[in-house]
Structures are given as C-alpha cells and as structure tokens.
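What follows is a set of notes on a single structure, which appears directly below.
The values are calculated or read from the model by the stated rules, or taken from the named source; none is laboratory data. These figures come from a predicted structure and were not determined experimentally. Backbone-built Cβ (ideal geometry, glycine too); neighbour counts: all protein chains shown. Heavy atoms of the whole protein, side chains included, go into the accessibility calculation; ligands, DNA and RNA do not. Shrake-Rupley method; radii C 1.70, N 1.55, O 1.52, S 1.80 Å.
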Amino acid sequence: RCLLLSDQPVLKQVSDLLIQAKHLGAWEGRVWIYRWGDLFACWCSVRYGGRSLFSVLEPLLLQTHWQALAVEEGGTLYQAGEWRLIEELHGISFHLSPYAFLQGHRELSRELWSDLVTWACQKQGSILDLYSGIGVTGTLCAARSRKVTMVEAAPSLTAAAICTLKEHNIEAEVLTGTVEDVLPQLEAHSF
C-alpha cells in the first residue's frame, strides 16, 4: 500500500501482478512507482528472478497511463517503455532515469528544495553536492550563478544531470564516482 497513491488504480495493477508473480519463488526486493502528471512508471530492484519478474510486469505497459518499466537484478537492468521522463522544479526540467530519486510529495519537495537552495546560496564559496543523483540541488544552485561540483556514483544519474545542465545552459561540474574515491581528489579545492 502507499498513502500517496492509495486512490490510484495503478497501485492495484502493480500489486495484482506482483501477487501473480509468486510462481517466481521467494524473492526480496523493492518497488517504486513514479508519477509524472497522468503518466506512471514502475521500477523494481530484486536479488534474483529479475528477467522473470520483468516478464510478469510487462503487461503494465499495455494499461492506460503506464509509460515505463524497469527491473534491476544484480546490476543488470531490464527495461521497456520511455524513460525520458521529466520533472519540472523551479523552472528547470530535470531528466529522470530508472535510478532517479525524488521526494514522493511534489509540493513538499518544491518547498524543501527552495529552502535548501536559498540557504546554500547565502553561504560564501563553492558548493559541493555529494550523492547528487540527477543533480537537483546542484543544478538549482548553479542556476543562481554559484560554482557547483556534483558527485554521484551512478552513471545513468550523472548522464541525466549533464543532460539537464546542457538543456538549460547551466554550468556546473559533474563527476561520476563514489564520494569516497572523488572527495580526496577535491581536497585541494576550497569549498
């Protein structure tokens, strides 16, 4: 169940298919349902049985409003549909990927980022956005003419951040790598 999507038939569509997937045997995993206006996407992360689970969930794409599906199993990503989904925040269109994370409550997330960016931009010096994901915080700060360096380990997320920056002609440095590996390289800089 999900308190934010409890009134949506899409939740029942996913749960019905997951119940049907019990023939896959016991599997552990997490399921995310993304919503963009009237469009939905489903992403599952499982330990094993990913290809079979993907086959079970693929009929979602035949339902009204379903746009994308992805199932990850041990670093392998099975996906279908169109993942070029976009979320607009403070006038910037952020490109999303199956691994992208945004707060589920859209209005609250807008307030959260507004307050965070306002606070960060009042400080002196450069901004270092660690575990930056698709680069929401860093991009919003860079849009205010702040020098920003973003660090994220997932290549699909840094690719989404770079796409957003280029589309809006915003300058920021985006580094792909773990914070533990990249941070020592940045120690010489003043943030």
TODO: Answer with yes or no whether residue 83 is in a loop (DSSP other than H, G, I, E, B), within 17 Å of the chain's Cα centre (by Cα) and under 18 Å from residue 14 (Cβ atoms).
DONE: yes
Open item on the list: So, in region 88-126, exactly how many residues are under 23 Å from residue 159 (Cβ atoms) and among the charged types (D, E, K, R)?
Closed with: 1
- [ ] Answer yes or no as to whether residue 171 is in contact (Cβ under 8 Å) with a residue 24 or more places away in the chain and closer than 19 Å to residue 89 by Cα.
- [x] yes
TODO: Please give the number of the condition residue 74 fails out of (1) surrounded by fewer than 13 Cβ atoms within 10 Å (Cβ to Cβ); (2) more than 16 Å from residue 154 (Cα to Cα); (3) small (Gly, Ala, Ser).
DONE: (2)
Open item on the list: Suppose the filter is open to solvent by 40 Å² or more (accessible area, probe 1.4 Å), β-branched (Val, Ile, Thr) and modelled with pLDDT of 90 or more; does residue 139 pass it?
Closed with: no
- [ ] Those residues that are polar (S, T, N, Q) and at pLDDT 90 or above, I need them from region 159-191; list them, please.
- [x] 164, 169, 176, 178
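For every residue, the table says whether it meets (1) modelled with pLDDT under 70; (2) open to solvent by 40 Å² or more (accessible area, probe 1.4 Å); (3) part of a loop (DSSP other than H, G, I, E, B).
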position: 4; (1), (2), (3): yes, yes, yes
position: 10; (1), (2), (3): no, no, no
position: 23; (1), (2), (3): yes, yes, no
position: 27; (1), (2), (3): yes, yes, yes
position: 32; (1), (2), (3): no, yes, no
position: 41; (1), (2), (3): no, no, no
position: 45; (1), (2), (3): no, no, no
Task: Condition check for residue 88: part of a strand (DSSP E or B) and charged (D, E, K, R) - done: yes
Task: Tally, over region 115-132, of residues that are over 15 Å from residue 145 (Cα atoms) and open to solvent by 40 Å² or more (accessible area, probe 1.4 Å) - done: 4
TODO: Select from region 84-114 the residues that are of a type in the set (A, V, I, L, M), closer than 14 Å to residue 68 by Cα and surrounded by 17 or more Cβ atoms within 10 Å (Cβ to Cβ) and list them in ascending order.
DONE: 85, 96, 100
- [ ] Using the structure shown, decide if residue 139 is touching a residue at least 12 places away in the same chain (Cβ under 8 Å), hydroxyl-bearing (Ser, Thr, Tyr), more than 26 Å from residue 30 (Cβ to Cβ) and in contact with a helix residue (DSSP H, G or I) (Cβ under 7 Å, 6 or more places away or on another chain).
- [x] yes
